[in-house]
Amino acid sequence: MTAWMPSDALGRRILCGAEYATVRYVGSVPPTAGVWLGVEWDDPQRGKHDGTYEGTQYFKCRHPKGGSFIRPNKANFGVDFLTALKGRYGLDDEQDIQRGAGNAFVFGKKTVEFVGLDSVAEQQRQVRLNQLVDISVRECAVSHAGQKEEISRTCANIRHINLSKNLISSWETVTAIASQVQNLETLNISENKMKFPHTSTSSVSSVFSKLNVLALNQTEITWTEVLLCAPEWPALEELYLTSNNITVMERPDNVLQTLKVLDLSDNQLLDGNQLHLIAHLPRLEQLILRNTGISSIYFPDAGFGYKTKMFPSLRHLAVQDNKISQWSSINELDKLPSLRSLQCHNNPFMDTEKNPETLRQLIIAKISQLEVLNKSEILPAERRGAELDYRKIFGNDWLAAGGNWNPEENKPSEEFLAAHPRYPLLCLKYGAPEEGELKGQQPLTLKNQLLTLTIRCPEKPERKPVEKKLPESMTVQRVKGLLYRLLKIPSSELKLSYKSSKLEGKEVALDNDLKPLQFYSIENGDCVLVRW
């Protein structure tokens, strides 16, 4: 543990024992004498107050009990990169060779002195350090780069660095280390709470010109800061940003265009519409959105049966541990032109079907090009069986909605096609289900997600109320499309709201075209009001 205190101690990351903290105050704390450090602990249970002592606020903490005062000699401000590297790989001066006093070695009863042994040991150290390509100094208390050019002179061949969970306080420190590694390809600086640039620079550094993989998990970086730093990463292919409280996103214009993998897990994104902002990254192949709070997925640029222009290269999508409650989001995934692999377990929509085998079949049948579901390969025979069963299970609904074996009379309703957009294609592929196949079919929970609603035009009494069965997953935009066919009024002119017996005297506006009816808590028997 170091007993010295750097001149730029304020804002620095420290270790005190095994606990990590950030220095928020340096100075006196009357009536005691001497210098104190006011620190904010990573673990707030370690603290005692919020930076206020005896009525005076010396610093601020996020947690009311997250702060403490400690003496400087209790704080470990860390070591430079090379010191940590030598210590981790047993290449420091003390560990090179065990010897007696000076350069003398004892053989039996004889003492033999070797001249120039220190220089030989140093040369051996340099050779070994120069051979390192993939290094990890995780949890080695690295806080700064050290002497200028020392890393490049000593470790010229490093390509992959794990700097996670150290005492790095700023992106400048990361740049200072990386600037001495000419061929840096992989960099993990996760679990370092650090400051990032808040403004863009006029010139773009070439320090990270060869960087392919970057992990910034648990660094408290914001999406705005990601975009400000991104011009420095012209060749980046994989970016990991988990657990950073990223909530608001902006479209990445002219940056991150080489990205193939993006992990935003454990960030509470506001809604699925934020995905549209990253939907035009041309090379993105894998998107990981585990536990992001997403409740729906929608691609408004494409109708059912067509492919979206969004996420043109996306092959692997992970949305497990989210709040997706409607099968309409699964229908939407069939619009992705390149999707081959999906992870979606632990979402509410999966609770609508208790049999896990049937659940898997439904997902397979709804997404035509899927090859892997929840890490399990979909074989051709399984796909065929799933699609045939789907066609049979919902055959009676198809007939009831206007489907017919006669192609000229086959006109299933808009509501049915919204709930089962692939059904017509399955009939083309395998033929329409025969009457004998449909006898004795039991309804699935999925089929019961229809709302019986009364549609009324309060300002046009000459128009009689109409009763309609609509999927609760149907978006307001699609309801307007249905009403256009009924009323012959352009959907852009329609304003929708609804009344419920549970909300006496209140009228709720359906003011977001992209939201499903379920978002507004509409229930059976409610009345949709249409104005224009």
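What figure in square angstrom, to the nearest 10, would you give for the accessible area of Met474 with a 1.4 Å probe?
Its accessible surface works out to 0 Å², give or take rounding.
Nothing charged except the Cβ atoms of Lys and Arg (+1) and of Asp and Glu (-1): what's the magnitude of the dipole of the chain about its Cα centre? Round to the nearest 20 debye.
Working: 64 positive and 64 negative charges, 103 e Å.
Dipole size: approximately 500 debye.
Charges only on Cβ, +1 for Lys and Arg, -1 for Asp and Glu: so what's the dipole of segment 473-532 about the Cα centre, in debye to the nearest 20? Walk me through the numbers before you get to the answer.
On the way: 10 positive and 7 negative charges, 40 e Å.
Its charge dipole is roughly 200 debye.
How would segment 450-531 be classified by its alpha-carbon gyration tensor: rounded, prolate or oblate, with rounded meaning a/c under 1.5 and the a/b versus b/c comparison settling the rest?
Cα axes put segment 450-531 in the rounded bin.
Expressed as a whole percentage, what fraction of the accessible surface of segment 381-437 belongs to carbon and sulfur atoms when a 1.4 Å probe is rolled over the protein heavy atoms?
On the way: 1480 of 2890 Å².
About 51 percent, which is the carbon plus sulfur part of the accessible surface.
Give me the percent of DSSP beta bridges within the chain that run antiparallel, rounded to the nearest 5.
55
Quick check: from the Cα gyration tensor, does segment 191-285 come out rounded (a/c under 1.5), prolate or oblate?
Rounded, since a/c falls under 1.5.
Can you list the residues of segment 364-381 with backbone N under 13 Å from a point 7 Å past the Cα of Lys429, pointing along Cα to Cβ?
Under 13 Å, as judged by backbone N against the label point of Lys429, lie 364-371, 379-381 of segment 364-381.
For the cross-link pairs Lys468/Lys488; Lys354/Lys468; Lys323/Lys506; Lys354/Lys375; Lys392/Lys429; Lys429/Lys515, which exceed 24 Å when the distance is taken from alpha carbon to alpha carbon?
From the list (Lys468/Lys488; Lys354/Lys468; Lys323/Lys506; Lys354/Lys375; Lys392/Lys429; Lys429/Lys515), the Cα-Cα distance tops 24 Å for Lys354/Lys468; Lys323/Lys506; Lys429/Lys515.
If the chain between Glu220 and Glu357 were fully stretched, how many nm would it gain, using 0.36 nm times the residue separation less the Cα-Cα distance?
Contour length minus Cα-Cα distance gives 45.3 nm.
Between beta-carbons, use under 14 Å as the cut-off and find the net charge around Gln361, counting Lys and Arg +1, Asp and Glu -1.
Values: positive: Lys354, Arg360, Lys366, Arg383, Arg384, Arg391, Lys392, Arg422; negative: Glu353, Glu357, Glu382, Glu387, Asp389.
Local charge sum for Gln361: +3.
Cα centroids of segment 489-522 and segment 42-84: how far apart, whole angstrom?
Using only Cα atoms to place each centre, the spacing works out to 51 Å.
Assuming a ≥ b ≥ c are the square roots of the Cα gyration tensor eigenvalues, decide whether segment 164-226 counts as rounded (a/c under 1.5), prolate (otherwise, with a/b larger than b/c) or oblate.
Verdict is oblate for segment 164-226.
Quick one: Cα centre-to-centre distance for segment 285-321 and segment 194-260, in angstrom?
22
Rank these by accessible area, largest first, 1.4 Å probe: Leu10, Leu370.
The ordering from most to least exposed comes out as Leu10, Leu370.
Between beta-carbons, use under 15 Å as the cut-off and find the net charge around Ile189, counting Lys and Arg +1, Asp and Glu -1. Walk me through the numbers before you get to the answer.
On the way: positive: Arg13, Arg138, Lys165, Lys193, Lys195; negative: Glu139, Glu172, Glu185, Glu191, Glu220, Glu225, Glu232, Glu238, Asp263.
Surrounding charge for Ile189 is -4.
Taking only DSSP H segments of four or more residues, each worth -39500 (n - 2.57), what value at 222 nm results for the chain once the sum is divided by all its residues, to the nearest 500 deg cm²/dmol?
-6000 deg cm²/dmol
What nm value, rounded to one decimal, do you get for the distance between Leu10 and Thr175 when each label is placed 7 Å out toward the C-beta?
Distance between the two pseudo-spin positions: 2.2 nm.
Taking only protein heavy atoms into account and a 1.4 Å probe, give the accessible area per residue of the chain in Å².
I get 50 Å² per residue for this part.
Roughly how much of Ser473 is accessible, in Å² to the nearest 10, using a 1.4 Å probe?
20
Considering the values [x] 148; [y] 239; [z] 206, which represents volume of the Cα convex hull per residue in Å³ as calculated for the structure under consideration?
[y]
Please report the relative contact order for the chain, taking Cα pairs under 8 Å with a sequence separation of at least 6, and give it as a percent rounded to a whole number.
Numbers: 1046 pairs, mean separation 31.8, N = 532.
Relative contact order here is 6 percent.
For segment 12-74, what is the relative contact order in percent, using Cα pairs closer than 8 Å and at least 6 residues apart in sequence?
Reported as a whole number, the value is 29 percent.
Using r as the Cβ-Cβ distance of Ser200 and Lys469, and R0 as 60 Å, what FRET efficiency do you calculate, to the nearest 0.05?
Step by step, r from the Cβ atoms, then E = 0.65.
Restricting the count to DSSP beta bridges whose residues both fall in segment 450-531, what percent are antiparallel, rounded to a multiple of 5? Mind dumping the intermediate values first?
Details: 14 of 17 bridges.
Restricted to segment 450-531, the bridges split so that about 80 percent are antiparallel.
Averaging sequence separations of C-alpha pairs under 8 Å and six or more residues apart, then dividing by the length of segment 330-391, give the relative contact order as a whole percent.
About 41 percent, as a whole number.
With a 1.4 Å probe and all protein chains in place, put Thr224, Thr454 in order of accessible area, largest first.
The residues order as Thr224, Thr454, largest area first.
If you take the Cα Rg of segment 306-397 and divide it by 2.2 N^0.38 Å, with N the number of residues, what do you get?
1.04
What percentage of the solvent-accessible surface of segment 12-74, computed with a 1.4 Å probe over protein heavy atoms, is contributed by carbon and sulfur atoms?
Carbon with sulfur: 51 percent of the solvent-accessible area.
So for Lys260, Lys468, what's the accessible-area order with a 1.4 Å probe, most first?
Sorted descending by solvent-accessible area, the residues read Lys260, Lys468.
Ignoring everything but the protein chains, give the 1.4 Å probe accessible area of Glu472 in square angstrom, nearest 10.
40
Just to be sure I follow: if Rg is taken over the C-alpha atoms of segment 237-367 and Rh is the Kirkwood radius over the same atoms, what is Rg/Rh?
My calculation puts Rg/Rh at 0.95.
Looking at His49, Cys61, Ala18, which one has the Cα that reaches farthest to the positive end of the dipole of segment 12-74 (charges on Cβ: Lys, Arg +1; Asp, Glu -1)?
Ala18
Looking only at segment 186-210, which residues have a backbone nitrogen under 18 Å from a spot 7 Å from the Cα of Asp134 in the C-beta direction?
186-190
The values are calculated or read from the model by the stated rules, or taken from the named source; none is laboratory data. Every value quoted in this text rests on a predicted model; they were computed, and no experiment measured them. A quick note on method: Cβ atoms are made from the backbone with ideal geometry, for glycine too, and the neighbour counts reach across all protein chains shown. For accessibility, only protein heavy atoms count, side chains too; no ligands or nucleic acids. Shrake-Rupley method; radii C 1.70, N 1.55, O 1.52, S 1.80 Å.
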